């Protein structure tokens, strides 16, 4: 089945720890995106990548890092520098030249 | 600051009625407009895309776009309790394809049986 997978579904982190959220897609999409959603809020863009080995910062990139070594994968690291990381993290992908983005199931991160 | 505005709701309609959801955007050069449905605790699901002025219909859903007024809407005909969800309006950044989207905060729709 084609789709976007994110793991883990739930993640608990102690303050001061870095954690990495996984996002994999087998849709042959070129572009991938990371968003953050807080309760009652829309989605805010963290990072996006339109091609392997290249990515751009979104509106709230501080405290996050990404890599794009493979077309299928776009992991997000939440560093200890992110002051308020508890949120719902959503990964999306799309074909280059199109804006229709399709989302994975998300990862809920809670800082203890 | 480029923005997408939606009424947060909740919008309450009886089963079988028409639900009308509205969205305005600030960037005049935007070319792509989307409606996503998000059930509580789940990720957004794309339900409509619209790129040209006018109406686009897909089943019970109709998207309407007016670029001159910077306004996009979603009509849901014959609303069902299963339509109860938050609806997110999204607009592309700039006038090029393949760029990121700006999302509104969403309108919560409640359909009562």
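Volume per residue of the convex hull around the Cα atoms, evaluated for the range A:1-91, comes out as 98 Å³. Reducing the range A:1-72 and the range B:44-66 to their Cα centroids gives an inter-centroid distance of 27 Å. Among B:36, B:87, B:51, the residue with the largest mean-square fluctuation in a Gaussian network model of chain B, with springs joining Cα atoms closer than 10 Å, is B:51. Among A:39, A:75, A:85, the largest mean-square fluctuation in a Gaussian network model of chain A (Cα springs under 10 Å) belongs to A:39. For the range A:66-112, the fraction of C-alpha pairs farther apart than 17 angstrom is 48 percent. Cβ-to-Cβ counts within 10 Å put A:34, B:35 in ascending order as B:35, A:34, the fewest first. Normalised Debye scattering of the protein assembly as shown at q = 0.13 Å⁻¹ gives log10 I(q)/I(0) of -0.76, counting only Cα atoms as equal scatterers and leaving out solvent. Just so you know, the Cα atoms of the range B:29-113 work out to an Rg and Dmax of 13.1, 43 Å.
In plain terms, the residue of A:79, B:108, A:5 with the fewest other Cβ atoms within 10 Å comes first and the most crowded comes last, giving A:5, A:79, B:108. Of A:50, A:41, A:17, the residue with the greatest mean-square motion in the GNM of chain A, using alpha carbon springs below 10 Å, is A:41. Relative to its Kirkwood radius, the Cα radius of gyration of the range B:35-77 gives an Rg/Rh of 1.02.
For B:48, A:32, the sequence from fewest to most other C-beta atoms within 10 Å is B:48, A:32.
Only the coordinates and a few stated rules stand behind these numbers; no lab work does. Remember, it's a predicted structure, so these values are computed and weren't measured experimentally. Backbone-built Cβ (ideal geometry, glycine too); neighbour counts: all protein chains shown.
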